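First comes the structure, then the notes that go with it.
The values are calculated or read from the model by the stated rules, or taken from the named source; none is laboratory data. Nothing here was measured: the structure is a model prediction, and the numbers come from that model. Because the Cβ atoms are built from the backbone with ideal geometry, glycine has one as well, and the counts that use them run over all protein chains shown. What goes into the accessible areas is simple: the full protein's heavy atoms, side chains included, and nothing from ligands, DNA or RNA. Shrake-Rupley method; radii C 1.70, N 1.55, O 1.52, S 1.80 Å.
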Amino acid sequence: MSTTKVAVIGIGAMGTALAAAFLEKGYPTTIWNRTAARTAPLMDKGAHLATSVSAAYESSNIVIFCVLNNIIVEELLRRDASLLNGKIIINSTNGTLQEARHLSELVLGHGAQYLHAALMAVPAHIGTDHGFIIYSGHEEAYDSIRAHLSILGEDKYIGADPGSASLHDSALLSGVYGLFSGFLHAAVLVSSQQDKTAAGFMDMYVIFITSMMDYLRALARQIDNGNYEPLGSNLRIQVHALKNICEVTESQGVSAELLKPIQALVEKGVEAGHANSDISALRELLRR
C-alpha cells in the first residue's frame, strides 16, 4: 500500500474514475462530494468519506479537484485556504487558461503548489493504457509525484504556465469536435442511399482518415513556417470541391450546415489572395 495520501474533490463520473484508479493501486484515498449518496460505490472499495472539504485537505498530500467549473474550485479553495499550505493541488476541472492562472496564484499564495490537468480521456480510460493527461504548472510538484500520476494513464508535462494545459485541452477538443462534425455529415450522407449504412461506412472512413495523418503533419509545419505552397489541391480547387459536396448533400435531402462554415472560410481565403495556397493558409484568416 502506498504511503502517499490522495483526496479527490468531486465525485461525478470522472472524479469517480480518478479515485477508483488510486484505490485499485492501494492508495489511501479520501473523497468528498456535495451529494454524499454518489460516494457509496467508492466507499465499498475502501475510500474514506470526508465530512467536509477541510477534512479532505487534512487527510491528504495530494488534493485533486474534478468539479463542474472553476467557480466552484475557487469557492472550495477559499473556504479553507489556511489548510492548503504544503499540499499539491491538482485541478482537473475543465475551464479557460485565464482561470487556471488565477487559481494557481491563489494556491501559491497560500503555500501550496498547483498543477492543472487536462483529462484527454473518457472515465473508462482512466487507469488504463488509453488514459492520457496533460499537466502544466509547478514543475517541481509534477516531478515529485509523477510516479503516482502515471497510474491514471499516460502523462505529459508541457510547461510552467498553469494555463497551458487548458489551452491544449481546448485545442484538442476543438479538433475532436471537428472530427465529430465531419463524421456525422459523412455518415448521414452515406446512409441517405437506401442500401448503405453508417456502420458499413466505418472501415472505409477509418482507412481514409488514417491516410491523411502525414498530410496533417505537413500542414502543421506550414502553419509554423508560413509557407502555404499547395501539397495537393489549392484553395481555388477546394472552393469547387466544397460546392459540389454541398450540392450532393442537399440533393440527398441532408443538411449541409456542418460544411457551410468551412466552405465560407475557404471562399474568404480565395478572396483574400490565397487562391493558389493550401488550406493551411486559412491560418491568416483565423488569427486576429
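Overview of results
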| quantity | calculated |
| --- | --- |
| Two-site FRET efficiency, residue 229 against residue 40, from Cβ-Cβ distance with R₀ of 51 Å, rounded to 0.05 | 0.25 |
| Three-way shape call for the stretch 124-245 based on the alpha-carbon gyration tensor, with the a/c threshold at 1.5 | oblate |
| In sequence order, calculated HN-Hα J values of the stretch 8-23 (Karplus, 6.51, -1.76, 1.60; Hz; x Gly/Pro) | 10, 9, x, 10, x, 4, 6, x, 4, 5, 4, 5, 5, 5, 5, 4 |
| Calculated FRET value between residue 272 and residue 252, using beta carbons and R₀ = 30 Å, to 0.05 | 0.40 |
| Neighbourhood net charge (13 Å Cβ-Cβ; Lys/Arg +1, Asp/Glu -1) for residue 20 | +1 |
| Label point at residue 236 placed 7 Å out along Cα→Cβ; residues across the stretch 246-277 whose backbone nitrogen lies under 20 Å | 263-277 |
| FRET efficiency estimate (nearest 0.05) - Cβ-Cβ, residue 49 to residue 171, R0 41 angstrom | 0.65 |
| Accessible surface, 1.4 Å probe, highest first, among residues 188, 67 | 188, 67 |
| Backbone N under 12 Å from the residue 193 label point (7 Å along Cα→Cβ), restricted to the stretch 214-255 | none |
| Mean Cβ count within 10 Å, highest first, over the residues of peptides 205-211, 25-31 | 25-31, 205-211 |
| Distance between modelled label sites at residue 130 and residue 3, nm, 7 Å Cα→Cβ extension | 3.7 |
| Three-way shape label, the stretch 196-288, alpha-carbon gyration tensor, a/c 1.5 | oblate |
| For the stretch 184-233 versus the stretch 15-53, the gap between their alpha-carbon centres in whole angstrom | 42 |
| Environment charge of residue 249, counting only residues whose C-beta is closer than 14 Å and scoring Lys/Arg +1, Asp/Glu -1 | -1 |
| Nitroxide proxy distance, nm - points 7 Å out along Cα→Cβ at residue 155 and residue 207 | 4.1 |
| Cut-off under 5 Å, modelled amide H: who pairs with residue 65 long-range | 9, 90, 91, 92 |
| Cα-based radius of gyration of the chain once divided by 2.2 N^0.38 Å, which approximates compact folds | 1.24 |
| Length-normalised contact order for the chain - Cα pairs under 8 Å, 6+ apart - percent | 12 |
| Sequence-distant residues sharing a close amide H with residue 30 (under 5 Å, placed H) | 6, 7, 8, 48 |
| Environment charge at residue 34 (Cβ cut-off 13 Å; Lys +1, Arg +1, Asp -1, Glu -1) | +1 |
| Lysine pairs meeting the criterion (Cα under 26 Å, 8 or more apart or interchain), as found in the chain | 14 |
| Global form of the stretch 81-130, assessed from the alpha-carbon gyration tensor, a/c cut-off 1.5 | oblate |
| Segment residue 80-residue 217, length gained on full extension (0.36 nm per residue, minus Cα span) | 44.7 nm |
